[in-house]
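Heads up, the thing below is written out as structure tokens.
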Amino acid sequence: MNIKAGLKYTPEHEWARAEGAKVYVGVADYAQEHLGDIVFVDLPMVGDLLEKGDVLGVVESVKAASDVFCPVSGKVVAVNEKLADNPALVNLDPYGAWIAVVEAEDVSQLNELLDEAGYAALCEEGE
């Protein structure tokens, strides 16, 4: 399991990376490992307004479908169209295959998420 430094993590296994008010959101390595081969990613629509904890999208694998939750409140300003054609990118590079970019209403909401050490402890509990 790979936990990338410098990111924030949700208890539901999403990662978040802020660049100013823009927050890139993806699925953590732990989640993609447990889901198995990703076969479909349901992307949000650009312009969607979401609250923290709302469903941002869905990742489907050969084993199951899993909701992806938004780690901050805001507006979807970009989606990773590459995932529509090649959802397996999530398996190949979970920290490079972001799902969406959310323009955060309040980027300080990221402070409520887990840091690298906290997320590692959460994952160890789940094993």
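The values are calculated or read from the model by the stated rules, or taken from the named source; none is laboratory data. Note that the coordinates shown come from a computational prediction; the quantities given were computed from them, not determined experimentally. Please note: Cβ atoms are built from the backbone with ideal geometry, for glycine as well, and neighbour counts cover all protein chains shown. The area values use the complete protein model at the heavy-atom level, side chains included, leaving out ligands, DNA and RNA. Shrake-Rupley method; radii C 1.70, N 1.55, O 1.52, S 1.80 Å.
Counting Lys and Arg as +1 and Asp and Glu as -1, each charge on the Cβ, what is the dipole of the range 82-127 about the Cα centre in debye, to the nearest 20?
On the way: 1 positive and 11 negative charges, 61 e Å.
That gives the range 82-127 a dipole magnitude of about 300 debye.
Please work out the average accessible area per residue across the range 65-122, using the 1.4 Å probe convention, and give it in Å². Present the calculation step by step, with values, prior to reporting the outcome.
Numbers: 2650 Å² over 58 residues.
For the range 65-122, the per-residue accessible area is 46 Å².
Net charge around VAL62, counting only other residues with Cβ within less than 15 Å of its Cβ (Lys, Arg = +1; Asp, Glu = -1)? In short, -2. Listed by chain and number, the lysines whose C-alpha is less than 19 Å from the C-alpha of LYS4, apart from same-chain residues fewer than 8 away, are LYS22.
Would you mind calculating the gained length between ALA84 and ASP67 on full extension (0.36 nm times residue separation, minus the Cα-Cα distance), in nm to one decimal? Mind dumping the intermediate values first?
Details: separation 17, 0.36 × 17 = 6.12 nm, distance 1.61 nm.
Result for the pair: 4.5 nm of gain on full extension.
For LYS75, the solvent-accessible surface computed with a 1.4 Å probe is close to 100 Å², ligands and nucleic acids excluded. GNM remark for the chain: springs join alpha carbons under 10 Å apart, and the peak mean-square fluctuation among PRO11, PRO87, PRO44 falls on PRO11. Size descriptors for the chain (Cα atoms only): Rg and Dmax, in that order, 13.3, 37 Å.
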